[in-house]
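A quick write-up on the structure given underneath.
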Amino acid sequence: MSRTSGAVGELAELVLPWLPPRDLAATASACRALRAAASAVTAGRAADVARGLEPVPIPFDNLVDSRPYAYLLYTPFSLTPSAASLHAQQWGCTWARPPGPTWPRSDLGGFPSAECACSLGACGGARCPCADPEAEAVGSEAGVGMGSLRECGDGCACGPSCGNRRTQHGVTVRLRVVRHRKKGWGLHAAEVLHRGQFVCEYAGELLTTEEARRRQRLYDELASVDKLSPALMVIREHLPSGKACLRVNIDATKVGNVARFINHSCDGGNLHPVLVRSSGSLLPRLCFFAARDIVEGEELAFSYGDARVRPKGLPCFCGSLCCSGVLPSEET
């Protein structure tokens, strides 16, 4: 290799991982050295959608068309829009920094919890005094609505090894993002998952209701002409008083994590959505647990909801016996 081509290769390794797909393709056409470097970046991106930000790599698998990967800015946890305003993110380099636990998240309005038993130093590892007695049953029933769970958080004195933080270490199970002919990308298990096992969190940008409605109108227009696959999740939880409803808007369309690839199933799917509250955090997180034993290679799915106010909504290709033919949709 000449000194010039070696210098180009070194420069490419520093610059190309920051480029979006269109710019990467344009750069690859400049010369042979850049084409080889861009090919290596593409291979690295296809090998891990999480960009090295999860404990295990999550590869793409496409035997349908020529798209090697789906491009998004990756975050293991939900962010406020100001924190999520990423214009570029390194992806496709030859190294990755092993991620740490995804929590605590003090930037989401954390506050100390005086009622937490962990604050008294009473945490005993696997048997935490703050643990929800129903925690082990989470995910054992499919199709019965959204569950709830309470975990230790910023207000607790325990560390990452506490047994009551099982959703806070990122994606630790083997998964693959697989291309489907009709549905597009979908998330599949790459190992056996057992009933009640934590799979992943739904992460993205935390939006106000006003911003969520604005984006939904834009996404509807783009999706109607196949220019976008939106991933805006609206969670509504009726509070015990029955007079108020807590609403959380998570947009994983451009900034999100692997959960954005989970498709809808009209029969409820094999994942159980659970609202997880951590001590010291104002907002709950949406996490997915295996609703039953899941075999290796099986696609993961859950129900997006029952509302169908738009008869001309996006088509559903879940293939279940009760498929309505239209994805759930409602006004945000």
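No value in this document is a laboratory result; all are computed from the given coordinates. Computed from a predicted model, the values in this text were never measured in an experiment. Positions of Cβ are backbone-derived with ideal geometry, glycine not excepted, and every protein chain shown enters the neighbour counts.
A few notes on this one:
- For 228, 327, order by how many other beta-carbon atoms lie within 10 Å, fewest first: 228, 327
- Using the average count of surrounding beta-carbon atoms within 10 Å as a protection proxy, the listed peptides 252-265, 147-160, 207-220, 185-198 rank, highest first, as 252-265, 147-160, 185-198, 207-220.
- Assigned charges on the beta-carbon of Lys, Arg, Asp, Glu; segment 144-214 dipole about Cα centre (debye): 580
- Taking amide H positions as modeled 1.01 Å from N, with prolines and chain starts lacking one, the residues under 5 Å from residue 153 and 5 or more places away or on another chain are 279.
- Relative contact order for segment 196-281, counting Cα pairs under 8 Å that sit 6 or more residues apart, in percent: 35
- Cβ crowding within 10 Å ranks 169, 238 as 238, 169, fewest other Cβ atoms first.
- Mean Cβ count within 10 Å, highest first, over the residues of peptides 269-276, 171-178: 269-276, 171-178
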